[in-house]
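Only one structure is covered here, and it is reproduced in the block below.
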Amino acid sequence: MEIALFTCLSDNYAALLRDEATGTVALVDAPAAEPVIVELERRGWGLDVILVTHQHHDHIEGIPSLVARYGAKVVAPRLAEQALPDADRFVGEGDIVEIGALRAEVWETPGHCTDHVSYHFASEKVIFVGDTMFTMGCGRIFSPPPEKLHASLQRIAALPGETQVYSGHEYTLANARFCAHVEPDNPQVAARLKSVEAARAAGIPTVPTTIAEERATNVFLRATDVAEFAARREAKNRF
Ligand code: ZN
Ligand code: FE
């Protein structure tokens, strides 16, 4: 699997993934059409499938133009049907999506919003989590109670440590500062804040991350229970 990550709008990421065996190309989320077209042209790739993580506008706005131009098939969460009535396939927990010879399992990961799904490519050890989790952070809770997002995050955190996690935004600098505020005595958090500051100063993306790094430094995964998680999520909103 070849993956190309690039910025859309101001801080969104979109990812193209290509099955090298068949040349099949999929896009995960479509914040805008233009940057996707530029990336596809640069690589000489077509676009076969668009995988949607959730219905927020900054993840779907590019879809109509991309479908018109490439004839890509749209795979969307079942609970996003009202927002994306023209999708070709609606998916939910346990469904399998094939991108050429690659297989993704659909995980329902609600909490940021009700319809949110993640796409887990187990044999590639890659998961696309949209706005459920970010590098050193997690999405805002638009779909309470916090138990839902907590459960989604704990499920993701239980993946093998080497699993690569692709999320939908570059929010890491603010997230890392918050993690350092919550765990001032955690040396791994302190070290990672420094490396994130350096990466962002150099314009280097901090996505993907790995499950192992997140377990060590993401204070939302590290909360001991739902109450602590919810308190941290609340505090982050005001940080
Ligand atoms: Zn969102
Ligand atoms: Fe978003």
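What value, in deg cm²/dmol to 500, does the helix sum -39500 (n - 2.57) over DSSP H runs of n ≥ 4 give at 222 nm once divided by the residues of the chain?
-10000 deg cm²/dmol
May I ask you to give the average projected area over all directions of the convex hull of the Cα atoms of region 157-233, in nm² rounded to one decimal?
Hull-based average projected area comes out at 5.1 nm².
When a footprinting reagent is the concern and you count Cβ atoms within 10 Å, what order do LEU173, LEU51 take, fewest first?
Least crowded to most crowded, the residues run LEU173, LEU51.
THR114 to SER65: extension gain in nm, 0.36 nm per residue of separation minus the Cα-Cα distance?
Taking THR114 through SER65 to full extension adds about 15.1 nm, to one decimal.
Which of VAL226, VAL165, VAL28 moves most in a GNM of the chain, Cα contacts under 10 Å?
VAL226
Which of TRP107, TRP45 comes first, and how do the rest follow, when ranked by fewest Cβ neighbours within 10 Å?
Ordered from fewest to most neighbouring Cβ atoms within 10 Å, TRP107, TRP45 come out as TRP45, TRP107.
Taking a ≥ b ≥ c as the square roots of the Cα gyration tensor eigenvalues, with a/c under 1.5 meaning rounded and otherwise prolate when a/b beats b/c, else oblate, which class fits region 64-139?
The shape class here is oblate.
Using Cβ counts within 10 Å as a stand-in for footprinting exposure, how do LEU193, LEU149 rank, fewest first?
Fewest-to-most ranking of LEU193, LEU149: LEU193, LEU149.
Which FRET efficiency, nearest 0.05, do GLN188 and ARG103 yield, Cβ-Cβ r, R0 25 Å?
The computed FRET efficiency comes out at 0.15.
Please label the shape of the chain as rounded, prolate or oblate, based on the square roots a ≥ b ≥ c of the eigenvalues of the alpha-carbon gyration tensor (a/c under 1.5 means rounded; beyond that, a/b larger than b/c means prolate, else oblate).
Prolate is the answer for the chain, as a/c is 1.5 or above and a/b outweighs b/c.
In Å, the Kirkwood hydrodynamic radius of region 94-200 over pairs of distinct alpha carbons?
14.8 Å
Suppose each label sits 7 Å from its Cα in the direction of the beta carbon; what would the GLU81-ARG215 distance come out to in nanometres?
It is 3.8 nm.
Which GluC sites (Glu not before Pro) in region 13-44 pass both tests, a DSSP loop state and at most 11 other beta-carbon atoms within 10 Å?
Here the sparse-neighbourhood loop sites are GLU20.
Under a crude label model (7 Å from the Cα following the beta-carbon direction), how far is SER123 from LEU9 in nanometres?
The two pseudo-label positions are separated by 3.4 nm.
How much length is gained on full extension from ALA32 to ALA202, taking 0.36 nm per residue of separation minus their Cα-Cα distance?
Difference between extended and current length: 58.8 nm.
Throughout, read-outs are computed from the coordinates displayed, never taken from laboratory work. Treat the numbers as computed from the prediction; the structure is a model and nothing was measured. All Cβ positions, glycine included, derive from the backbone under ideal geometry; neighbour counts span all protein chains shown.
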